[in-house]
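Trainee: Below is one structure. I have some questions about it.
Since every read-out is calculated from the coordinates, none of them should be taken as a lab result. Since the model is a prediction, treat every value here as computed from it, not as a measurement. Cβ sites come from the backbone with ideal geometry, for glycine too, and all protein chains shown count toward neighbours.
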Amino acid sequence: MDFKLTEEQELIKKTAREFAIEHLEPGVIERDDKSETPKEQVKMMGELGFLGMMVPEKWNGAGMDALSYVVAMEEICRIDASAGVIMSVNNSLVCQIFLDWANDAQKQKYLTKLATGEFIGAFSLSEPQSGSDASNMATFAQKDGNSYVLNGTKNWVTNGLTCDVVMVMIPTEKNVGYKGISCFIIEDGMAGFSRGRKEDKLGIRGSETCELYFDNCRVPAENMVSEPGQGFRIAMKTLNGGRIGIASQALGIAQAALDKSVEYSKERKQFGKPISAFGAIQSKIAQMATNIEAARLLILKAAKLKDEHKPFAKEAAMAKQFASQTAVDAARECVQIHGGYGYMQEYGVERLMRDAKITQIYEGTSEIQEVVIARAILGE
Ligand code: CAA
C-alpha cells in the first residue's frame, strides 16, 4: 500500500497544522482548566471544511477522502484533542450516518448544515447500564400513528450539551435484541427532549459530555433513518469509521508528547549535559517514535481501505487499540521526561496524559477492539 500523501493531502495537513497553532493553541490550557468549549474555533473549522470533510460538495461538504480526514485530525489533536473529538464526532459519526443511510430529504435538511458547521451533531448509543454491551438498552420508542414517543436516558454524549442534532439509537421493538433498535434524528427544541449537566471529566475537558433525557418526546416517523430495526447495524458500521477518527486523535496526542519530549530533553541540562544525552531518555524517545510510526501506518491503512470501499472494521479496531495505547504510553513518558515541570499544569504536558486516556475508552474500549479483531481473525 502506498501511503504517500498527495499534494492536496499535504495542503490539508499544512492548513490544519497552521490553524491549530494559530487558533487552538492560544488558551488551550485555560479552556481545559475551565472546561470551556472552543466555540469560535469550531465555527472557523466549519468554514475551513473540517466539519464535513468526507461529505461530497453536493451536500456542502469538502468532498475529501478518509486519508485527508485522518491527516487533519492528527494535526488538530496534536494541539487540542477536545477540538479534535468535536470534529471527529461531527464527521465520522454524524455526517457519515447521513451519507450512508439517510434519504435525500434528510440529507438536504440536516447534512447540508452539519457539513458546514452551521449545525453541530452528536451520536448517542450508550445508556447508564449499557456501554460495551451496547445493544442492552432500557430506552424505548413507542410507535403512535405517524410518530414515535421516546422515553429513557442516554449518557456520555459528546457534543450533547449544545448540539443541534443528535443521532439516537433506541429500541422500537422489545425482546428482539439489537434487531429492534432504530436510529432517529433528534432536533434541538423537540418537546420532551432535554439535556443533563456538563459532566466534569478527567480529560478532553474542552469538549462537552452530558446525559440526554427523553420524556414522552414525540418524534415524527420521517425522522427515522433507514428502516425500523436498522439502528444497531447503522451504529456499528459507522463506529468502524469513528474508530479511525479516534485513533487519529490518539496519534495527535502521542505526536505532541514526542515533540514536547524532544524539545525539552535537548534544553534541560542535568549533570552538566542535556538530558537527551542520557540513554534512559533516548530509550523512551526511541520507543515513542517507533510506536507512533506504527500507529500512523495502521491508521493510514484503515483509512485507505475505507476510501477503497473495502472491509476495514478489523483494521480500524487495530488502529484504535494500538494508537490509544501509544498515546497513553507516550503521554506518561512525556510527563516523566519533564519531571516536576511535567506535573505542573502550565507546561501543557499533564493534559496530554489526561486527554490520552479517553481514547482507550470511547467509541469502544480497547477490550472491545480486541473482541472485534479476534472475531475477524477467528471468523466468528
Ligand atoms: N462492524 C459492522 N457490523 C458490526 C460490527 C462492526 N464492527 N460489530 C457488530 N456488527 C453487527 C453484526 O454484524 C450484527 O449485524 P447482522 O445481524 O446484520 O450481521 C450486529 O451488529 C450484532 O452484532 P453482534 O451479535 O456481534 O453484537 P454483540 O451484542 O455481540 O456486540 C460488540 C458486539 C462488538 C461488543 C458491540 O456491542 C460494540 O461494538 N460495543 C462497543 C460499543 C461502542 O463502541 N460504544 C461507543 C459509544 S459511542 C461514543 O463513544 C461516541 C462518542 O461520544 C465519542
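Trainee: By count of other Cβ within 10 Å, fewest leading, how are Phe123, Phe193, Phe98 ordered?
Mentor: Ranking Phe123, Phe193, Phe98 by Cβ neighbours within 10 Å, fewest first, gives Phe193, Phe98, Phe123.
Trainee: Compute the label zone of Ala280 within segment 331-361: residues whose backbone N is under 17 Å from the point 7 Å along Cα-to-Cβ.
Mentor: 332-343
Trainee: Strictly over 25 Å apart at the Cα level, which of Lys179/Lys314; Lys39/Lys201; Lys107/Lys201; Lys14/Lys314; Lys113/Lys304 would you flag in this model?
Mentor: Correct reply: Lys107/Lys201; Lys14/Lys314; Lys113/Lys304.
Trainee: Here's a follow-up. Over the Cα atoms of segment 122-231, what radius of gyration and what Dmax do you get, in Å?
Mentor: 13.3, 44
Trainee: Which trypsin sites (Lys or Arg not before Pro) in segment 123-207 pass both tests, a DSSP loop state and at most 14 other beta-carbon atoms within 10 Å?
Mentor: Those that pass, being in a loop and sparsely packed, are Lys174, Arg197.
Trainee: Related question: What does the charge dipole of segment 122-231 about its Cα centre add up to, to the nearest 20 debye, if the Cβ of each Lys and Arg holds +1 and the Cβ of each Asp and Glu holds -1?
Mentor: 180
Trainee: Working from the alpha-carbon coordinates of segment 1-102, get Rg over Rh, Rh being the Kirkwood radius.
Mentor: 0.98
Trainee: Please compute the modelled spin-label separation between Lys13 and Met1, points set 7 Å along Cα→Cβ, answer in nm with one decimal.
Mentor: 1.6
Trainee: A follow-up question, please. For segment 238-378, compute Rh as the Kirkwood radius over C-alpha pairs and then the Stokes-Einstein diffusion coefficient at 10 °C and 1.306 mPa s; write the answer in µm²/s, rounded to an integer.
Mentor: The diffusion coefficient I find is 102 µm²/s.
Trainee: Using 0.36 nm times the number of residues separating Glu367 and Glu25, minus their current alpha carbon distance, what extension gain do you get?
Mentor: Stretched fully, the Glu367-Glu25 segment lengthens by 119.9 nm.
Trainee: Could you work out, for the chain, what percent of all Cα-Cα pairs fall into each 10 Å distance bin, beginning at 0 Å and stopping at the bin that holds the largest distance?
Mentor: Binned Cα distances yield the sequence 5, 24, 33, 24, 9, 3, 1, 0.
Trainee: Magnitude of the Cβ-charge dipole of the chain, K/R +1 and D/E -1, about the Cα centre, nearest 20 debye?
Mentor: 640
Trainee: To the nearest 20 Debye, how big is the dipole of segment 1-157 about its Cα centre, given +1 on the beta carbon of each Lys and Arg and -1 on that of each Asp and Glu?
Mentor: So the dipole magnitude of segment 1-157 works out to roughly 520 debye.
Trainee: A further question follows. Under 8 Å for C-alpha pairs, at least 6 residues apart: give me the relative contact order for the chain, rounded to a whole percent.
Mentor: 17
Trainee: Something else now. Extending each Cα 7 Å along its Cβ direction at Glu308 and Lys58, get the distance between those two points in nm, one decimal.
Mentor: Between Glu308 and Lys58, the simple spin-label model gives 2.5 nm.
Trainee: Which net charge results when you count Lys and Arg as +1 and Asp and Glu as -1 among the other residues whose beta-carbon is under 10 Å from that of Ser35?
Mentor: -1
Trainee: Does segment 310-360 come out rounded, prolate or oblate, given a ≥ b ≥ c as the square roots of the eigenvalues of its C-alpha gyration tensor, rounded meaning a/c under 1.5 and, failing that, prolate meaning a/b above b/c?
Mentor: prolate
Trainee: Sort Asp33, Asp164, Asp2, Asp65 by Cβ crowding within 10 Å, fewest neighbours at the top.
Mentor: Ordered by Cβ neighbours within 10 Å, fewest first: Asp2, Asp33, Asp164, Asp65.
Trainee: Rank the residues Met224, Met236, Met1 as a footprinting-exposure proxy: fewest other Cβ atoms within 10 Å of their Cβ go first.
Mentor: Ordered from fewest to most neighbouring Cβ atoms within 10 Å, Met224, Met236, Met1 come out as Met1, Met236, Met224.
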